[in-house]
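Chemist: Before I ask anything, here is the structure I am working with.
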Amino acid sequence: MFYEIYASYQYIFVFQVFTFPSASRQPISVPSVFVNDLLKKFDPLSLFQIPLRLPQQSAVIEIFAGERMLKIRRHKMRKHKRRKRYDRDYFKYQKYHRQKKAKAENLFRNRMHKMLEDYKAFDPEKYIKDIIACAKQNVTKDVSPSGRRKYPHWSTLITLEELYGLPPTDYIVKKAGLAGDEDREKIRQLKKEYDEKYRGFLNRTSCSLEKQVNKEKQEYLQKAKIQEKETVDSNINLEKNTDKVDSAENSDNVKS
């Protein structure tokens, strides 16, 4: 089999000619020495080759995230599902973002319109008059000695009925919630009993000191009463004696 080429003035024709195999075959030989050298250069040397070992002979490497494998797997699956959902609802998300941007744009435009209205309603003459009046104001009149501004109490500006939104016909008695003398004494007694019963472990020392002080007060009061009684008795005896002496002197004068 060989090829024959015929060239003409305008075209080149290639004809493939098929022939039967003959007894004289083309000898096949090993490539030259130069090709063998190239193959040896491309093939790594045996000294630098990594030895192959069976899997059983390799060292077992511990997985650092062994306890968190389920968590990592769950995180990957959620990420995968999130990406699938985003790809599926891509246009829906784009619509939501467009609406969000349009809403923000409308709010911005409304705010700008309000600012422009304020600028149009601005009166420079009134503004200057207000500044001059503020400069003429005496700021030291309503200032405390410490330098802080004094503000009025809310009770001087609004009544309690107005604060709770009651009609003008209603009236709140301010002293209605205060306890009387009898109730105050009962409350004090109940508080004392509660402290002794439930809070004794907290103020045991204070209770003992209070008892000691009360005892000393009672002793002092008893001594003061006894002394007062003695002074009163002595004064009465002196008055009686003086009366007797005066009566005796008067009788002697009458006899004489």
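Chemist: Within the range 210-230, how many residues turn out to be β-branched (Val, Ile, Thr) and modelled with pLDDT of 80 or more?
Modeler: 1
Chemist: Test of understanding: among 151, 171, 194, which residue is surrounded by 10 or more Cβ atoms within 10 Å (Cβ to Cβ) and not in a helix (DSSP H, G or I)?
Modeler: 171
The values are calculated or read from the model by the stated rules, or taken from the named source; none is laboratory data. Computed from a predicted model, the values in this text were never measured in an experiment. A quick note on method: Cβ atoms are made from the backbone with ideal geometry, for glycine too, and the neighbour counts reach across all protein chains shown.
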